[in-house]
Amino acid sequence: MAGHSKWANIKRQKARVDAVRGKTFTQLSRAIIVAARNGIPDPDGNFQLRTAIEKAKAAGIPNDNIDRAIAKGSGTADSNAQLEEIRYEGYGAGGVAIIVEALTDNRNRTAAELRFAFTKRGGNLGETGCVSWMFDLKGVCSIVGSVDEDRLLEAALEGGADVYELLDDEEQPGAEVFTTVANLERLNTALRAEGFKVSDAELRWVPQTTVLVEDPEQSKQLLKLIEVLEALDDVQTVTANFDLADELLG
């Protein structure tokens with residue numbers, strides 16, 4: 001069941017190399033709006049909304065902003081903006097597959113911004129479905145802090161997990177635990193009940209296989225592309241199917 005999370009290491013390398021900015025208030029507020037729209041406006045009965053609110057609070061978004069976002073999503077506040085959830089797919093340098101999930105009130109604007117970002121960084125935006133067949137959509141719980149692997153294994157099995165991966169980082173230890181989309185809430189509850197600090201519970205596109213990137217210039221292009229994509233207000237998540245060679249993770 002155990003493994004090591006390469007993508008988490010890549011994300012840390014990207015943060016060190018490119019100083020990727022965190023999610024903006026706009027991005028996090030939009031996630032709350034959509035979660036409230038997709039379910040009831042009560043976080044106790046809406047897991048998607050509850051996790052969106054937790055992320056917003058962790059980023060320092062005031063409670064008033066959170067309440068307004070919930071009201072917009074539930075239809076109790078006037079708002080002309082109709083947000084759409086759209087998945088975009090494309091290729092980065094060297095043919096690396098990339099999936100971008102966005103929330104937008106103007107799909108033409110979002111597509112133009114994404115197309116420009118891909119082209120400028122040696123990639124290209126493709127048609128929906130061109131790369132998603134190489135990924136599986138999974139529920140992922142991220143754990144921060146030192147992990148007792150025996151306890152994690154027991155809790156992961158109790159929560160119906162498929163696999164867990166330890167983060168190979170002495171400065172920021174942790175783990176990621178994977179499950180089916182429908183089982184994410186159960187897994188999150190089980191891990192928290194066993195005292196693990198779950199920093200995030202999300203849906204993520206997980207690559208079935210990965211491409212090893214060994215060239216430093218290609219690595220820089222890919223990391224910069226992901227940084228640029230994540231910086232766009234309409235973009236919620238970015239996932240790719242590459243691993244960086246160990247010498248590029250140093």
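So here's what we get for this one:
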quantity	calculated
Within region 135-207: Cβ-based charge dipole about Cα centre, in debye rounded to nearest 20 (Lys, Arg +1; Asp, Glu -1)	400 debye
Difference of contour (0.36 nm per residue) and Cα-Cα distance, ARG192 to ASP136	17.7 nm
Whole-number accessible area per residue in Å² for the chain, which is evaluated in the context of all protein chains at 1.4 Å	50 Å²
Cβ-placed point charges (K, R +1; D, E -1), dipole of the chain about Cα centre in debye, nearest 20	940 debye
CD proxy at 222 nm, helix term only [per DSSP H run n ≥ 4: -39500 (n - 2.57); per residue of the chain; nearest 500]	-12500 deg cm²/dmol
Those GluC sites (Glu not before Pro) in region 213-250 that DSSP places in a loop and that have at most 16 other beta carbons within 10 Å	GLU214
With every protein chain in place, the chain: carbon and sulfur % of accessible area (1.4 Å)	47 percent
Amide H partners (placed H, <5 Å) of PHE135, local residues excluded	GLN208
Length gained when the stretch GLU84-LYS57 is fully extended (0.36 nm per residue, less Cα-Cα span)	7.4 nm
GluC sites (Glu not before Pro) within region 107-176: DSSP coil, no more than 11 neighbouring Cβ in 10 Å	GLU127, GLU170, GLU171
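The values are calculated or read from the model by the stated rules, or taken from the named source; none is laboratory data. None of the values given here were measured: they were computed from a predicted structure. Cβ sites come from the backbone with ideal geometry, for glycine too, and all protein chains shown count toward neighbours. These area figures cover heavy atoms from the full protein model, side chains too; ligands, DNA and RNA do not enter into them. Shrake-Rupley method; radii C 1.70, N 1.55, O 1.52, S 1.80 Å.
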